[in-house]
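Below is one structure; the comments refer to it alone.
The values are calculated or read from the model by the stated rules, or taken from the named source; none is laboratory data. Predicted model only: the values in this text are computed from it and were never measured. FYI the Cβ positions are ideal-geometry reconstructions off the backbone, even for glycines, and counts take in every protein chain you see.
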Amino acid sequence: MNKSFHQCAAAGVVGVIVGSLIQVAALQTPQVTAGRGRGMGFTEPSPLDFNDHEGYVSIFDGKTLTGWDGNPKFWRVEDGAIVGESTPDRPSGNSYIVYRPLEAKDFTAKFEIKVEGTGGSGLQYRSRTGLPWLANISANVTAFNGPVNLNWMMTGPQADFWPSRVFTGQFYSENTPMRILAWRGQVVEGFGEKSKRLMGTIGDRQALGQIVKQDEWNQYTVIARGGTFLHILNGQLMAVMIDDDPASANNWSGQFGIEIEATTRVSVRNIWVKKLR
């Protein structure tokens, strides 16, 4: 063999070795893709679909008040919605219609709500009936309705909806000393009646009010997990409450209901609940 042959052979061996080393290195080197390494990319959550009802049950059939219990002076079904109406000559004060068949603690609820007039409404959840009513009841309400019927009065958390005022979206503890715990635009951490502390803000309270539609349909989502509660209106987070007191009235398992308060007309439709426990 001549020198050039040996040189070519040596070069061939080196090439094979180098090629093998490159292959080994390739196997040992992480393949970086879109993301922050480790070969894992990022994904976005599925877009908001308010009409996605997979895993949900409907608690209103759109035609009757089957399963619902409230004062018939104020509650009826009209145009596919539960309607509550209070007028100056037929005042309701605080009045509720309760869905009796379902009790839940952890859930996601979706519904549509519309309020016409200067009064308010809201969705009661994890709530109970039959407990003594703490607030005063005006004389004109008592004159029209007679003595308070505690079976139609609800105690527990409320996703407030009062378009003519700043209360819409807030976390309200109905018929308890806690009352407003997280105003619209707030993230609040508390321990039942003992404490509440602002932990952060979602946005300006007045600016968030621009999301609220008076006299029109609004899409409302309520999420309850353990002691954490989120109120989302028309796709915008409005308030977050965290109650770490296991004995708090906010942390009961309870029923759903709709409130009417003051002179107003409230309509609620498409009520869906995904119960986890």
Practice problem: Give just the number: which of (1) farther than 14 Å from N250 by Cβ; (2) touching a residue at least 40 places away in the same chain (Cβ under 8 Å) does P177 not satisfy? | Solution: (1)
Quiz item: Considering F50, F74, which residue is surrounded by 10 or more Cβ atoms within 10 Å (Cβ to Cβ), at pLDDT 95 or above and outside the structural domain of N151 (by TED's automatic domain parsing)?
Solution: F50
Quiz prompt | Sole exception among (1) under 20 Å from the mean Cα position of the chain (by Cα); (2) touching a residue at least 60 places away in the same chain (Cβ under 8 Å) for P47, by number | solution = (2)
Exercise. Can you run down the residue pairs with Cβ atoms below 6 Å, 6 or more apart or on separate chains, where the first is in the range 67-95 and in contact (Cβ under 8 Å) with a residue 60 or more places away in the chain and charged (D, E, K, R) and the partner is surrounded by fewer than 20 Cβ atoms within 10 Å (Cβ to Cβ) and in a loop (DSSP other than H, G, I, E, B)?
Key: none
Self-check item: Set W272, W252, W217: member being touching a His at 6+ places or on another chain (Cβ under 8 Å) and within 30 Å of P72 (Cα to Cα)
Solution: W272
Self-check item: Whichever residue in the range 111-139 is polar (S, T, N, Q) and in a loop (DSSP other than H, G, I, E, B) and, among such residues, is surrounded by the fewest Cβ atoms within 10 Å (Cβ to Cβ)
Solution: N136
Quiz item: F144 versus (1) touching a strand residue (DSSP E or B) at 6+ places or on another chain (Cβ under 9 Å); (2) within 28 Å of K213 (Cβ to Cβ): which is the lone unmet condition?
Solution: (2)
Quiz item: Quick one: in the range 250-277, which of the residues that are of a type in the set (G, A, S) and in a strand (DSSP E or B) is surrounded by the fewest Cβ atoms within 10 Å (Cβ to Cβ)?
Solution: S267
Self-check item: Test result for T142, more than 16 Å from the chain's Cα centre (by Cα), of a type in the set (V, I, T) and more than 30 Å from G80 (Cα to Cα)
Solution: yes
Quiz item: Taking V188, is it hydrophobic (A, V, I, L, M, F, W, C), over 25 Å from D215 (Cα atoms) and in contact with a Lys or Arg (Cβ under 7 Å, 6 or more places away or on another chain)?
Solution: yes
Quiz item: Hey, does the range 114-136 have a residue that's among the β-branched types (V, I, T), in contact with a strand residue (DSSP E or B) (Cβ under 7 Å, 6 or more places away or on another chain) and closer than 26 Å to K213 by Cβ?
Solution: yes
Quiz prompt | Answer from R184, R165 - the residue that is in contact with a helix residue (DSSP H, G or I) (Cβ under 7 Å, 6 or more places away or on another chain) and either without any contact (Cβ under 8 Å) to a residue 12 or more places away in the chain or not in a strand (DSSP E or B) (or both) | solution = R184
